[in-house]
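Here's the structure we're looking at; comments come further down.
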Amino acid sequence: MTCIRKTMAFITIFFLIFSMAGCAAKRADFAPEGVDSDRPVIYTTFYPLYDFTKKIAGDKAQVESIIPAGVEPHDFEPSPRQIAEIYDARVFVFLGGDMEPWAQKLEGQLRGRGITVVEAGKDLIENHDPHIWLDPVLAKEMALRIYEAVASADAGNKSYYEENFNKLASGLDELDKNYRENLSDLNKKDFITSHEAFGYMAKRYGLRQISIKGLSPQEEPSPKKMADLAELCRQKDIKYIFFETLASPKLSETLAREVGARTMVLNPIDGLTPEEIKAGADYFSIMQKNLENLKKALSE
């Protein structure tokens with residue numbers, strides 16, 4: 001019996017060591033290339049939050065996005081390994097609302113471990129529509145909340161973060177000005193989008209969004225809705241139907257063919273494609289391109 005006990009104890013210890021080594025290997029595999037252990041690590045959920053946080057943190061913190069490039073974020077669920085990494089962060093940034101329900105479930109546990117948690121969209125989101133970052137005014141409020149959290153978590157670099165935030169805020173103010181100046185005097189106000197992502201932006205600048213799908217890109221319109229949209233396009237002489245980079249353009253293309261319109265991108269910026277990243281695109285360059293496309297669509 002003693003030999004059996006010793007054998008069982010050895011097997012148990014062996015598997016414990018093996019499991020720990022396996023976990024360590026997995027964590028190392030997931031760790032981003034070039035991570036500097038001397039800098040605080042900040043995890044964000046999806047692209048706009050990542051971009052704002054990166055612009056504020058600069059080279060003083062390691063900023064990572066949980067949702068990878070090219071992945072539509074609305075129905076994303078992180079892996080257990082990704083969740084384990086979040087628990088080692090100094091700061092965790094998420095939007096709130098219906099965008100990342102998995103993040104809200106982690107919030108209490110993360111705060112209990114002393115991690116600074118930022119719900120960037122708290123009290124800004126209305127009617128379950130999470131797309132507040134497409135309104136530069138609301139985006140500035142989001143950026144302010146991120147700055148305050150990062151500066152609090154790494155107080156030694158507060159002045160550096162403040163300088164970076166001020167640059168970001170000035171850029172958002174200028175973006176808001178450009179949108180106001182370019183969209184205020186257009187004859188047309190109605191535009192057709194593939195999903196209902198541009199409500200805040202439309203409200204800010206006096207436009208009217210008409211969407212093929214609902215708030216989620218996964219929703220499918222009924223044949224009656226497609227027929228009604230086609231009739232609306234004819235009545236309002238709509239020349240362009242917008243589609244997105246991370247979702248199928250088929251419905252937009254179908255509607256465009258039906259009414260003799262053309263298609264063009266209106267990017268909700270909830271995620272970037274690998275091609276956009278390679279080209280050096282960011283929130284500001286895509287918002288500027290959106291403005292150009294909106295102006296073109298509403299001018300013809």
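Between the amide H of SER65 and those of THR44, distances stay under 5 Å, these residues lying 5 or more places away or on another chain, with hydrogens modeled in the peptide plane. Here the Karplus relation 6.51 cos²θ - 1.76 cosθ + 1.60, evaluated at θ = phi - 60°, turns the backbone of the range 48-56 into coupling constants of x, 5, 4, 5, 4, 5, 4, 5, 6 Hz, with x for every Gly and Pro. Size descriptor for the range 32-132, Kirkwood hydrodynamic radius: 13.9 Å (Cα pairs only, one decimal). Amide hydrogen proximity for TYR240: with H placed 1.01 Å from N in the peptide plane, the residues at 5 or more positions away or on another chain lying under 5 Å are ARG262. Take every pair of alpha-carbon atoms less than 8 Å apart whose residues are at least six positions apart; their mean separation over the length of the range 182-299 yields a relative contact order of 28 percent. Secondary structure note: in the chain, about 5% of the DSSP beta bridges are antiparallel. The HN-Hα couplings worked out from phi for the range 112-121 by the Karplus form 6.51 cos²θ - 1.76 cosθ + 1.60 (θ = phi - 60°) are x, 8, x, 7, 6, 10, 10, 9, 5, x Hz, whole numbers, x standing for Gly and Pro.
Would you mind ranking VAL117, VAL137 so that the residue whose beta carbon has the fewest other beta carbons within 10 Å leads the list?
Numbers: VAL117 20, VAL137 15.
Fewest-to-most ranking of VAL117, VAL137: VAL137, VAL117.
Answer with one residue from LEU138, VAL150, GLY121: the one whose Cα lies farthest towards the positive end of the charge dipole of the range 33-178, charges on Cβ with Lys, Arg +1 and Asp, Glu -1. After comparing all options, I get VAL150.
Okay, helix-only estimate at 222 nm for the chain: each DSSP H run of n ≥ 4 adds -39500 (n - 2.57), divide by all residues, round to 500 deg cm²/dmol; what do you get?
It lands at -16500 deg cm²/dmol.
Where a number appears in this text, it was derived from the coordinates with a stated rule and is not lab data. If you're wondering where the values come from, they're calculated on a predicted model, not measured in any experiment. Note that each Cβ is placed from the backbone with ideal geometry, even for glycine, and that neighbours are counted across all protein chains shown.
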